[in-house]
Amino acid sequence: MQIKSAEFKISAASSKQYPDGDFPEVVLVGKSNVGKSSFINTLTNRKALARTSNTPGKTRQINFYFINSSFYFVDLPGYGFSQMSKMEQEKVGKLIESYLICRKNITLILFLLDIRHDPTKDDLLMYQFLNNNQFPFAILANKADKIAPTKIPLYLDNIKNKLKIDDDIVILPFSSEKKIFTDDVLNLLDESRIKIIINL
């Protein structure tokens, strides 16, 4: 796949604001500051299509980006930001869960983790939620440029062991900063879209 066009569509605070149409949606989930916005900028080769912030937990809405006039990247709010009030955390959690449960256009969920660290309790809950509900998802271990290339397999194995990941779950390294492993992700997007077309 080549991404030739990308445009920001809307920040949605409720389902009433979601874009109309039957376009497939590739959804990004992960904790605050794991690099979801940077992922979008890297894949689309745009420096500021998705706004990045040094302040975790700033994004409280669902951002839709229209890609190649054929599908959406959907950036869900980050979870697990400790300085967010309990009420705000619950509100974000309900927004994420409502979208994932109710939205019918989801083609693939990309679950971003920081390859350098053990998954958090919130990461484990998200993995269990995605797995138990049989969502189509893959795991991206972001910030792979921060460790030696020879150690990447060890760090991936650590994530697998900590989350007790099933063998059939795809897990890929990624780096938004260095733009490495992007071809693997683009191939994954191609495969997911092909599967949807076949199933229609």
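Oblate is the label for region 104-200. Its Cα gyration tensor axes, ordered a ≥ b ≥ c, give a/c of at least 1.5 and b/c at or above a/b. A run of the chain free of exposed loop cleavage sites, with trypsin sites (Lys or Arg not before Pro) counted only in DSSP states other than H, G, I, E and B and at most 11 other beta carbons within 10 Å, reaches its longest extent at 105-163.
Answer rounded, prolate or oblate for region 63-130, using the Cα gyration tensor with square roots of eigenvalues a ≥ b ≥ c: rounded when a/c is under 1.5, else prolate when a/b is larger than b/c, else oblate. Note, shape of region 63-130 comes out prolate. With the helix formula -39500 (n - 2.57) applied to DSSP H stretches of n ≥ 4, the chain reaches a computed 222 nm mean residue ellipticity of -11000 deg cm²/dmol. With 18 Å as the limit, the listed pairs Lys31/Lys179; Lys31/Lys143; Lys4/Lys178; Lys143/Lys179; Lys36/Lys178; Lys36/Lys143 have Lys31/Lys179; Lys4/Lys178 beyond it between alpha carbons. Structure remark: mean-square fluctuation, Gaussian network model of the chain, C-alpha springs under 10 Å; the largest value among Asp122, Asp166, Asp145 belongs to Asp166. Site pair Lys47 and Asp22 shows an inter-label distance of 4.0 nm when each label is modelled 7 Å from Cα along Cα→Cβ. Counting other Cβ atoms within 10 Å as a rough exposure proxy, the listed residues Ser176, Ser11 run Ser11, Ser176 from fewest neighbours to most. Its relative contact order, with pairs defined as Cα atoms under 8 Å and 6+ residues apart, puts region 6-199 at 22 percent.
The aspartates and glutamates within cross-link reach of Lys121, meaning a Cα-to-Cα straight distance under 16 Å and a gap of 8 or more places when in the same chain, are Glu90.
Modelled spin labels at Phe8 and Ile147, positioned 7 Å past Cα toward Cβ, are 3.3 nm from each other. With the convex hull of its Cα atoms as the shape, region 6-199 has an orientation-averaged projected area of 10.6 nm².
Cross-link partners for Lys104 among the lysines, with Cα-Cα distance under 16 Å and sequence neighbours closer than 8 places in the same chain left out: Lys16, Lys195.
Here's the list of aspartates and glutamates a cross-link from Lys9 could span, going by alpha-carbon distance under 19 Å and ignoring same-chain residues fewer than 8 apart: Asp20, Asp22, Glu25, Asp75.
Throughout, read-outs are computed from the coordinates displayed, never taken from laboratory work. Quick caveat: nothing in here was measured; it's all calculated off a predicted structure. For neighbour counting, all protein chains shown are included, and Cβ atoms are generated from backbone atoms with ideal geometry for every residue, glycine included.
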